[in-house]
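Following: one structure in structure tokens, then a few remarks.
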Amino acid sequence: MTENFCKLIGLKIHYIKQGKGAPLLILAGWGTTIATYQNLIDDISEFATVYCLEMPGCGSSDEPTKALTSEDYAKLVEEFIAKQKIKQLNLFGHSNGGRTIIKLLGQNKKLNFEVNKIILAGCAGIVHEKSRKDKAKTKLVKAGKKVVNSKLAKKLAPKLEEKLKQHIGSDDYRAATPVMRETLVNLVNEDLRDLLPNIKQPTLLLWGENDEATPISDGELMEELIPDAGLVMFPYSSHFAFLENRARFREIIKTFLTQ
């Protein structure tokens with residue numbers, strides 16, 4: 001395994017390269033590091049050359065100075081593949097990494113490389129209609145922001161806004177820095193389902209039955225909308241099914257990529 005850094009979209013990005021064979025690029029999920037995928041990398045590198053990126057603001061990669069969009073993430077991947085001089089490869093995306101793949105390939109944009117096959121694990125990209133509870137929470141948050149942004153509140157309680165943010169949103173949102181929070185908002189509010197029919201590559205969907213971050217219904221929808229897709233569900237498994245079902249993941253991926 002070799003650890004490296006390269007400049008992508010103006011940021012220093014950490015990546016590794018491991019194994020021999022046809023190239024496969026792993027796009028990590030939100031807030032994860034290369035270490036999260038090390039077992040997966042070890043297994044796939046037995047039959048492929050595996051690259052894995054730590055996305056901006058994660059691990060040893062630079063944090064952006066301004067909020068990023070899904071288009072920025074797609075551009076980062078394009079630049080990486082170009083710098084590695086890869087002409088053909090397979091892509092694996094977990095969670096937000098899968099969202100990036102959909103953005104990259106679903107726009108019918110001419111690329112300088114060919115993607116042969118895609119693996120999407122607990123893939124993000126579907127926006128769900130908010131429940132009444134969520135809508136009420138949003139209204140409360142907006143009202144709270146008006147209060148904490150008032151001149152009086154800033155004078156009397158300058159840390160009130162940060163305290164409010166710590167009590168709203170997902171765990172990912174609360175754990176993020178301000179610029180990464182803005183980035184997360186940009187990403188989760190963009191519905192990519194209209195891009196799914198444009199994906200022409202054979203696509204393997206791998207999903208945990210009990211995934212709470214990206215429910216199994218998202219995988220079923222992607223299987224329906226992507227022309228050449230198949231869904232494999234892992235019973236009793238979470239958003240990190242690849243950690244909970246290592247041996248089965250390895251065999252399924254190997255069969256898909258080498259058949």
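The values are calculated or read from the model by the stated rules, or taken from the named source; none is laboratory data. All values reported here derive from a predicted model rather than from experimental measurement. In this analysis, Cβ positions are derived from the backbone assuming ideal geometry, glycine residues included, and neighbour counts consider all displayed protein chains.
Observations on the model:
- Every condition in (1) surrounded by fewer than 18 Cβ atoms within 10 Å (Cβ to Cβ); (2) out of contact with any strand residue (DSSP E or B) (no Cβ under 6 Å at 6 or more places or on another chain); (3) on the phi < 0 side of the Ramachandran plot; (4) not small (G, A, S) is met by E209 except one, and the failing one is (2).
- Any hit, segment 27-48, residues being of a type in the set (S, T, N, Q), at negative phi, surrounded by fewer than 17 Cβ atoms within 10 Å (Cβ to Cβ) and touching a helix residue (DSSP H, G or I) at 6+ places or on another chain (Cβ under 9 Å): yes
- Boolean, T203 is out of contact with any Pro (no Cβ under 6 Å at 6 or more places or on another chain), under 24 Å from I34 (Cα atoms), surrounded by fewer than 19 Cβ atoms within 10 Å (Cβ to Cβ) and at pLDDT 95 or above: no
- Selected residue (criterion: surrounded by the fewest Cβ atoms within 10 Å (Cβ to Cβ)) from residues of segment 227-254 that are free of Cβ contacts under 8 Å to residues at least 60 places away in the same chain and aromatic (F, W, Y): Y236
- Checked against the criterion of being assigned to a helix (DSSP H, G or I) and more than 20 Å from N198 (Cα to Cα), segment 87-108 contains not a single residue that satisfies it.
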